[in-house]
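The values are calculated or read from the model by the stated rules, or taken from the named source; none is laboratory data. Only a predicted model underlies this, so the values are computations on that prediction, with no experimental measurement involved. Counting neighbours? That spans all protein chains shown, and the Cβs are built from the backbone with ideal geometry, glycine included. Heads up: the accessible areas ignore ligands, DNA and RNA and are worked out on the full protein's heavy atoms, side chains in. Shrake-Rupley method; radii C 1.70, N 1.55, O 1.52, S 1.80 Å.
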Amino acid sequence: MRNSIKRSAIGLTMDSTELRAVEVAFAPHPYVVTAGSIALQPGLIRDGLITDLPAVSGLLSELLRTYGFSSAPFVIGAKNENMLLRLASLPRVPDDKLRTTVMLQAQQFIPVPVRELVLDYVFSGVTEQEGRAMADILLVGAKKAYVQSLIELVRSVGGTLANIDAAVLGLVRMAETQAYKPGEVYLVADIDHDGVNIVFLEENHIRLARAVMHEVPLQSNTVLTEEAQNRLATSLAENIRTSMLYYANLHPGEVPARVLLTGVVPQLKEIARQAEEKLALEVSVPSVYQQMDDISQEELPAYALGISLALSAEQASKPTVQLLPEEYKRNQAQNQKLLKLRKRLTAGAAVLLAVALGSFGVCLGGNAQIVAVRNERTALEEKAASMSEYRVLYQQKTDLLSRLVKAEMADPKWMSAFHAIVNALPQDAWIESFTSSTTEDNVMKCELQCGGVNYDSVANTTAALQNCEVLSSAVCTSTTESESGMTFTLSLTLTDPVTR
């Protein structure tokens, strides 16, 4: 994966046949950066669970590499039999007490022990029942083993998770982009390789959701024959008709006005046309996200769910749920703080050396900037002193500064070279320490001990330094993986300052 420069997110969906991903950047307006899919061998995902993590991880890495995805965070659309959705009504309570009330009373609406689930909910509104105000809630749960398998998959490719959301809510947000009449009930059907997800909506409120499996899973990226198209359209129409009968029993007199059809099959519009004939009800492929650049209109329906998921990472769209365990979210927040501190300490090292030498003030913008850097370092020292792992970082950067001073005194050319090297580092890597030398031929050599978030950090750092103008070569000589990330060594040869 390339280093992420612009803020973006990757929407990832999967079934037993295929991994499908789309990256969306958010500024200056949302646009598709890249999108792609890759087929899975039979059995790698069974009953919604990953059965062979190394194999699926390898395929996901290949997908990300082939289509040029960045290191942006993932939003995964969770679906299949490991997901649970239940509509519930609870006595209305103040907003600040609603979450506690929902979590305490959720078990009475859920047929499995709540302790086995990562649970969240969507507040749909307030209704009156027998003269009493009731909060309408959609409970959304995911089995912990399923959630953990998704976390391990993303971790195995060196990625991070922005969220695990319910795929059905991604469909709701996608449908919101379509014009609808107040009070109108309509239906969204999404076809993947395993089955059809069917959602009944009134405006953006879920009234009913169900999933129906195909008798035989569809093959990835396969153009359907006319016979296969007709068979799929017939099955789709029958599943919609059965769902409508069930909905009518729950809500007498309410009839969906139309069907919005999305999915991964290539001939979606033809299937919609045939299903419309069989149902005598409008069935259309929605023109969603047409403003998105760099993706064809033919591909959009297949990636609409992924786009909706990716957009939720930036737009705080509703409805959405957070199905990441609290421990994971806490660790992510801590890692982000640590990464930011490491970057600030590393980037400040070259500047502080110039201050110590008293010879670089003009290039740095004068005394005001020097004072600002000193103040920032003071703040970092206070922060580092309060946390043990930051104290280790502080000592590392102090040692690094000492080495820089010695190197600069031995050969003044080191200062400008190191300043350029620090500026070339990607955001997910930092310098731990370095050694320097000058050969008999007056060639300057440097060995950097670096840290990084994942393997992509190693590749990004190596590539960045190979393109650095003060270096004639940059070679990664060793890498070591640990729970906290990567450590690696780079051997650098500096160019002759006269020829720069």
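Accessible surface ranking for Tyr67, Tyr455, Tyr289, 1.4 angstrom probe, highest first: Tyr455, Tyr67, Tyr289. Look at the alpha carbon pairs under 8 Å that are at least 6 residues apart: their mean separation over the length of segment 40-198 gives a relative contact order of 27 percent.
Each Lys or Arg adds one and each Asp or Glu takes one away; over the other residues whose Cβ falls under 12 Å from the Cβ of Pro182, this sums to -2.
Calculate the length of the line joining the C-alpha centroid of segment 81-122 to that of segment 430-444, in whole Å. Here the answer is 60 Å between Cα centres. Packing here is the average count of other Cβ atoms within 10 Å per residue, and on that basis the peptides 421-427, 38-44, highest first, run 421-427, 38-44. The mean accessible area for residues of segment 430-500, using a 1.4 Å probe and ignoring ligands and nucleic acids, is 51 Å² per residue.
Can you give me the % of accessible surface on segment 96-201 that is carbon or sulfur? Probe 1.4 Å, all protein chains present, nothing else counted. Accessible surface attributable to carbon and sulfur in segment 96-201 totals 51 percent.
Using the average count of surrounding beta-carbon atoms within 10 Å as a protection proxy, the listed peptides 189-196, 277-284 rank, highest first, as 189-196, 277-284.
Roughly speaking, what is the centre-to-centre gap between segment 201-259 and segment 8-27 when only Cα atoms are used, to the nearest Å? Using only Cα atoms, the two centres lie 24 Å from each other. Per-residue extension of 0.36 nm, minus the Cα-Cα distance of Ser296 and Arg132, leaves a gain of 54.0 nm for this segment. When the listed pairs Lys143/Lys269; Lys79/Lys269; Lys144/Lys269; Lys269/Lys318 are checked against a 31 Å cut-off, the alpha-carbon distance exceeds it for Lys143/Lys269; Lys144/Lys269. The calculated FRET efficiency for the pair Thr480 and Phe26, based on their C-beta separation and a Förster distance of 35 Å, comes to about 0.50. Measuring nothing but protein heavy atoms, the accessible surface of segment 1-72 at 1.4 Å probe radius is 55 percent carbon and sulfur. Here the peptides 230-243, 95-108, 127-140 are ranked by packing, the mean other Cβ count within 10 Å, and the order with the highest first is 230-243, 127-140, 95-108.
Taking all protein chains into account, the per residue accessible area for segment 179-230 stands at 50 Å² (1.4 Å probe).
Estimated from the Cβ-Cβ distance and a Förster radius of 45 angstrom, the FRET efficiency linking Arg99 and Asn423 is about 0.50. Based on Cα contacts under 8 Å between residues 6+ apart, segment 155-245 shows a relative contact order of 20 percent.
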